[in-house]
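Taking it in order: structure first as structure tokens, then the write-up.
Please treat every number below as a calculation from the coordinates, not as lab data. Values in this document were obtained by computation on a predicted structure and should not be read as measured data. Please note: Cβ atoms are built from the backbone with ideal geometry, for glycine as well, and neighbour counts cover all protein chains shown.
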Amino acid sequence: MPNLKFQTLYKKKVSGYTLLELLIVVSIMILVFVTGFTSYRDYQRRQSLGAVVRLIYADLRLAQEYSIAGKKPDTPSGNVCTTSSLNGYTFHRINSNSYEILATCVGGDVQVKLVDFQNSFSNVSLSTLSGPSSNAIMFRVLGRGTDYAGVVTITLNDTGGTTPPQSLTITESGEIK
């Protein structure tokens, strides 16, 4: 007859995971999460920088189209553009987070659009315009190009990440690239 006491001592049922196995699984999960989160943040920064580039491109095209058409701003009577001739539309950089589109008339300027992307795109900064010293470029009426002889570059930077800067160029003839 076999010894039952001896068999019950060494017949141990193993179930569950060891502490070491659990630590390895949790470590792998944390590593995957951190890698994914970092990649997502970089993606998000690239997308916001691209969105601002598209926004500025659209506003430059708006100023260009209005100037080609010779369209005076739709504002109440009494502004300088209703009583004088239109010279063109100006893209004016106010600071690193805002710019405006102005209708430039003989008697002065009328603000057509003001854009401040500080709240929506806080990680994007608009650098000074290369070329003009006034941080503004005007599209002349009837397709006569710009008021600056040369190429103007508008550069946008990601202030807190590793995303490379993006830029828009405006040629003397008014072409936007």
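Looking only at ASP74, ASP147, ASP42, which one moves most when the chain is put into a Gaussian network model with springs between Cα atoms under 10 Å?
Taking springs between Cα atoms under 10 Å, the residue moving most is ASP74.
How large is the convex hull of the Cα atoms of the range 22-170 per residue, expressed in Å³ as a whole number?
Values: hull volume 17.4 nm³, N = 149.
Each residue corresponds to 117 Å³ of Cα convex hull volume.
Given R₀ = 25 Å, FRET efficiency for VAL115-GLN44 by Cβ-Cβ distance, to 0.05? Before the final figure, lay out each step's value.
Details: r = 21 Å, r/R0 = 0.83.
The computed FRET efficiency comes out at 0.75.
If you line up the long axis of helix 19-69 against the longest principal axis of the chain, both from Cα atoms, how many degrees apart are they, to the nearest 10?
10
Net charge near VAL53: determine it from the other residues with C-beta under 14 Å of the C-beta of VAL53, scoring Lys and Arg +1 and Asp and Glu -1. Before the final figure, lay out the partial values.
Values: positive: ARG45, ARG46, ARG54, ARG61, LYS177; negative: ASP59, ASP158.
Around VAL53, the charge tally is +3.
Per-residue ellipticity at 222 nm for the chain, helices alone: DSSP H runs ≥ 4 residues times -39500 (n - 2.57), over residue total, nearest 500 deg cm²/dmol?
Details: 3 runs with 62 residues, N = 177.
Roughly -12000 deg cm²/dmol at 222 nm, from the helical runs in the chain.
For ILE94, what residues show an amide H to amide H distance below 5 Å, using hydrogens built from the backbone and excluding near sequence neighbours?
Placed amide hydrogens put TYR99, GLU100 under 5 Å from ILE94.
When the Kirkwood radius is taken over all Cα pairs of the range 12-107, what Stokes-Einstein diffusion coefficient follows at 37 °C and 0.692 mPa s, in µm²/s? Could you put the intermediate results ahead of the total?
On the way: Rh = 18.6 Å.
Translational D for this selection: 176 µm²/s.
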